[in-house]
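Q: Below is the structure I would like to discuss, written out as structure tokens.
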Amino acid sequence: MGVSEKIKEIEEEMRRTQKNKATEYHLGLLKGKLARLRAQLLEPAPGAGSGGGTGFDVSKSGGTHLSPSSSSSDARIALVGFPSVGKSTLLSKITKTKSEVAAYSFTTLTAIPGVLEYGGAEIQILDLPGIIEGAAEGKGRGRQVISAAKTSDLIMMVLDATKKAEQRALLERELEAVGIRLNREPPNIYLKAKKAGGMKLSFMSTPKNLDEKMIYNILRDYKMLNCEVLIRDENATVDDFIDVIMAPHRRYIKCLYVYNKIDCISMQFLDQLAHEDHTVVMSCELDLGITDVVDRAWQELNLMRIYTKRRGVQPNFSEALIVRQGATVEDVCDQVHRSLKESFKYALVWGASARHVPQRVGLGHVVADEDVISIVTK
């Protein structure tokens, strides 16, 4: 029996099993087996390397290798959605890239990259082929789409506003099945494998939906017989615990829900959509809300612009260093040059992060968006 068949068999058994106190242990073990099989299904085939002719070998600089570490752009956004919801049109409107557009399914057959320039940052936008139901089982080109989506800093889920419920639920279910967790933080659970000593389990907060027997059963099923576990969250679930075990196969990514075709819905429903969390609305057909989509994407990425200046010279506001929120002066130094820290003496900061202007700071100072920094060396 193949992996896909085993997955279907477990899913069918879970559907047949009533959820109650007596079956929760059995269901927990089934969930663990299902997660392991799904990860196995999505692993690349032995001997498969990049350049396999799939059309998905796209680097963050638009090159030929898909790797989150080798980036020359400042961030990557994946456009995910069903065929013909407007992803290609949106890409062509916010970048200089022209993605083929037509009013039928599967127009986009390869991942098409474009570059969005915003506030001095270069953000790569990947228009991925439309996801269909069953992508998690490798149907269509789902496996390649999922792999590319996992390397992104933000998923922009483009949805037809007239088909909101069914489209969003199905896409979320498909992404969840392959280990992509949208707008969530990793579970507050500590797990460390050891060579000996058996299983050591402790709780900072007693979870409502997870007990020792369940944890021991799942660990045994994964053959993790020697490990240390600390549960810190009282709301931790079986799914959370499995995610911790499967950590290498899990990605926690922000998602911005983009509802297109708002010209086809009522004002009341439009107002309801616009007020939902992580949501922005638009109409590609009427060219409405496109700027709002770009602005919200920038906010969700949590990027900041930092300007540098030399002593006695005005800062150059036409070029910015792009860093993540929470970045320090040390991170700024790394952006300028890796060796700059070795000769660093102090920095002068103008802007929101400075208590007074200018403030003299060290490497650990946390910068703010649009700060100006002058680095003084020894």
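The values are calculated or read from the model by the stated rules, or taken from the named source; none is laboratory data. Values in this document were obtained by computation on a predicted structure and should not be read as measured data. Backbone-built Cβ (ideal geometry, glycine too); neighbour counts: all protein chains shown.
Q: Among the residues of region 1-43, how many are in contact (Cβ under 8 Å) with a residue 60 or more places away in the chain, under 21 Å from residue 145 (Cα atoms) and within 23 Å of the chain's Cα centre (by Cα)?
A: 6
Q: From 192, 261, 200, which residue is touching a strand residue (DSSP E or B) at 6+ places or on another chain (Cβ under 9 Å), touching a residue at least 12 places away in the same chain (Cβ under 8 Å) and under 29 Å from residue 75 (Cα atoms)?
A: Checking each option against the conditions leaves just 261.
Q: Tell me which of these residue 187 doesn't satisfy, since it passes every other one: (1) out of contact with any Asp or Glu (no Cβ under 6 Å at 6 or more places or on another chain); (2) buried (at least 17 other Cβ atoms within 10 Å of the Cβ); (3) of a type outside the set (A, V, I, L, M).
A: Unmet for residue 187, out of (1) out of contact with any Asp or Glu (no Cβ under 6 Å at 6 or more places or on another chain); (2) buried (at least 17 other Cβ atoms within 10 Å of the Cβ); (3) of a type outside the set (A, V, I, L, M): (1).
Q: Restricting region 213-250 to residues that are basic (Lys, Arg) and surrounded by fewer than 19 Cβ atoms within 10 Å (Cβ to Cβ), which is modelled with the lowest pLDDT?
A: In this case the residue turns out to be 213.
Q: Check off (1) under 15 Å from residue 121 (Cβ atoms); (2) touching a residue at least 60 places away in the same chain (Cβ under 8 Å) for residue 295 and give me the number that stays unchecked.
A: (2)
For every residue, the table says whether it meets (1) closer than 20 Å to residue 237 by Cα; (2) in a helix (DSSP H, G or I); (3) of a type in the set (A, V, I, L, M).
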position: 1; (1), (2), (3): no, no, yes
position: 5; (1), (2), (3): no, yes, no
position: 8; (1), (2), (3): no, yes, no
position: 13; (1), (2), (3): no, yes, no
position: 20; (1), (2), (3): yes, no, no
position: 26; (1), (2), (3): yes, yes, no
position: 29; (1), (2), (3): yes, yes, yes
position: 35; (1), (2), (3): yes, yes, yes
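Q: Next up: Determine, yes or no, whether residue 351 is over 23 Å from residue 74 (Cβ atoms) and not β-branched (Val, Ile, Thr).
A: no
Q: Pick from region 123-144 the residues that are closer than 14 Å to residue 82 by Cβ and in contact with a Pro (Cβ under 6 Å, 6 or more places away or on another chain): which of them is modelled with the highest pLDDT?
A: Ranking the candidates gives 130 first.
Q: I'd like to verify a number: residues in region 213-269 that are of a type in the set (D, E, K, R) and part of a strand (DSSP E or B), how many?
A: 3
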